[in-house]
Amino acid sequence: QVQLVESGGGLVQPGGSLRLSCAASGSIFLFTMGWYRQAPGKQRELVATITSNSNTNYADSVKGRFTISRDNAKNTVTLQMNSLKPEDTAVYYCNARRDVRYWGQGTQVTVSS
């Protein structure tokens with residue numbers, strides 16, 4: 001069982017930046033880690049993933065603006081979000097995937113002027 005706790009969400013103006021962090025209760029070394037988001041009235045969607053050997057994948061909508069990274073020694077995953085847009089507003093969830101999936105409780109990101 002892996003528990004995930006997200007932090008770093010908040011309110012930011014369009015064009016601003018936020019840095020989300022996800023802390024895991026155990027080793028994430030063998031997990032593919034990811035960030036997903038869910039906006040009101042929409043389905044949860046993939047934002048970015050990073051494999052155990054640090055291969056990354058991004059949704060087209062965030063390519064060039066968001067960067068996912070991991071620190072296996074600290075059991076953390078980070079999502080650096082730059083050039084934020086109002087359409088990035090959502091609850092952001094951390095995910096750990098191996099044989100099973102684990103989810104965090106989510107952190108709200110609101111992009112508004």
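The values are calculated or read from the model by the stated rules, or taken from the named source; none is laboratory data. Keep in mind the model is a prediction, meaning the values are calculated, not measured. Using ideal geometry, Cβ is built from the backbone for each residue, glycine included, and neighbour counts are taken over all protein chains shown. Side chains are part of the model used for accessible areas, which takes the heavy atoms of the whole protein and leaves out ligands, DNA and RNA. Shrake-Rupley method; radii C 1.70, N 1.55, O 1.52, S 1.80 Å.
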**Local electrostatic count, residue 61, Cβ distance below 15 Å [Lys/Arg +1, Asp/Glu -1]** = +2
**Complete:** Largest fluctuation, 73, 24, 48 only, Gaussian network model of the chain with Cα springs under 10 angstrom, belongs to 73
**Request:** Just subtract the alpha-carbon distance of residue 80 and residue 7 from 0.36 nm times their residue separation and send over the number in nm, one decimal.
**Result:** 25.1 nm
**Backbone HN-Hα couplings from phi across region 90-102 [Karplus 6.51/-1.76/1.60, Hz, Gly and Pro as x]** = 4, 8, 9, 10, 8, 9, 10, 10, 9, 7, 10, 10, 10
**Item:** Accessible area (Å², per residue) of the chain, counting only protein heavy atoms and a probe of 1.4 Å
**Value:** 53 Å²
**Item:** Label-to-label distance, nm, for residues given as residue 25 and residue 69 (7 Å Cα→Cβ offset)
**Value:** 2.8 nm
**Request:** Please identify every one of the chymotrypsin sites (Phe, Trp or Tyr not before Pro) in region 8-113 that sits in a loop by DSSP and has no more than 16 other beta carbons within 10 Å of its own beta carbon.
**Result:** 29
**Asked** How much of the accessible area of the chain, probe 1.4 Å, is carbon plus sulfur, in whole percent?
**Response** 45 percent
